[in-house]
1. Got the relative contact order for region 2-162 handy, in percent, Cα pairs under 8 Å and 6 or more residues apart?
2. Which value at 222 nm does the chain reach when only helices count, each DSSP H run of 4 or more adding -39,500 (n - 2.57), with the total divided by all residues and rounded to the nearest 500 deg cm²/dmol?
3. With the cut-off at 1.5 for a/c, could you classify region 88-146 from its C-alpha gyration tensor as rounded, prolate or oblate?
4. I need the chymotrypsin sites (Phe, Trp or Tyr not before Pro) found in region 22-124, filtered to DSSP loop residues with at most 13 other beta carbons within 10 Å of theirs.
5. For Ala104, list long-range residues whose amide hydrogen, built 1.01 Å from N in the peptide plane, is under 5 Å from its own amide hydrogen.
6. What is the set of long-range amide H partners of Ile40 at a cut-off below 5 Å, with H atoms built 1.01 Å from backbone N?
7. Two-decimal Rg/Rh of region 2-162 from alpha-carbon positions, Kirkwood Rh?
8. Please list, in order along region 26-36, the HN-Hα scalar couplings obtained from phi with the Karplus expression 6.51 cos²θ - 1.76 cosθ + 1.60 (θ = phi - 60°), rounded to whole Hz, x for Gly and Pro.
Amino acid sequence: MIRLETERDIEAVRQLNCRAFGHETEAKLVDRLREGGLVIVSLVAEQWGEIVGHILFSRLEVAGDAFPAASLGPMAVLPERQRQGIGSALIQEGLRRCRNTGIAVVLVVGHAGYYPRFGFSAAAGKRYRSPYSKLGDAWMALELAPLDLAAPAEVQYPEPWSQLD
């Protein structure tokens, strides 16, 4: 079952991120994004009463506030539950909710072999500049609404991203 994260899920989400990534960096990022009021959508995947997956979409600033943008990430699935479609379900539901809230573009730094199946592309990522746009095919974008960009748009990640360990 995919559902919105609630306050009672916070500790389970923290532990999930630590287990999935093998360290606390992403868990701390999620906490900081929450504390900063930057969360657009935060979903959990629950099986048999256990949180087995989590995805977060947070606000990004585009120069001139030209259009609403979001960052996808972190996304985590318990190691023993990976490759069962949980991550895909989280991404699909998260993107649906982003569309419904008027988000025009979602940006992600991730595996170039995974995110394109959801419509993300490195080619679209070249339309956006950020500290992450130097990462080649790992920097991807998915435009949820038609955007007419004459030049690459400058994207600024909020403070919690600069605090990554």
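Just so it is clear, none of the values below were taken in a lab; they were calculated from the coordinates. Keep in mind the model is a prediction, meaning the values are calculated, not measured. For neighbour counting, all protein chains shown are included, and Cβ atoms are generated from backbone atoms with ideal geometry for every residue, glycine included.
1. 21 percent
2. Working: 5 runs with 46 residues, N = 165.
Roughly -8000 deg cm²/dmol at 222 nm, from the helical runs in the chain.
3. Working: a/c = 2.22, a/b = 1.38, b/c = 1.61.
Oblate.
4. Numbers: sites: Trp48, Phe57, Tyr114, Phe118, Phe120; in loops: Trp48, Tyr114, Phe120.
Passing sites in region 22-124 are Trp48.
5. Ala69
6. Phe57, Ser58, Arg59
7. Details: Rg = 15.0 Å, Rh = 15.9 Å.
On the Cα set of region 2-162, Rg over Rh gives 0.95.
8. 5, 4, 5, 4, 4, 4, 5, 5, 4, 4, x
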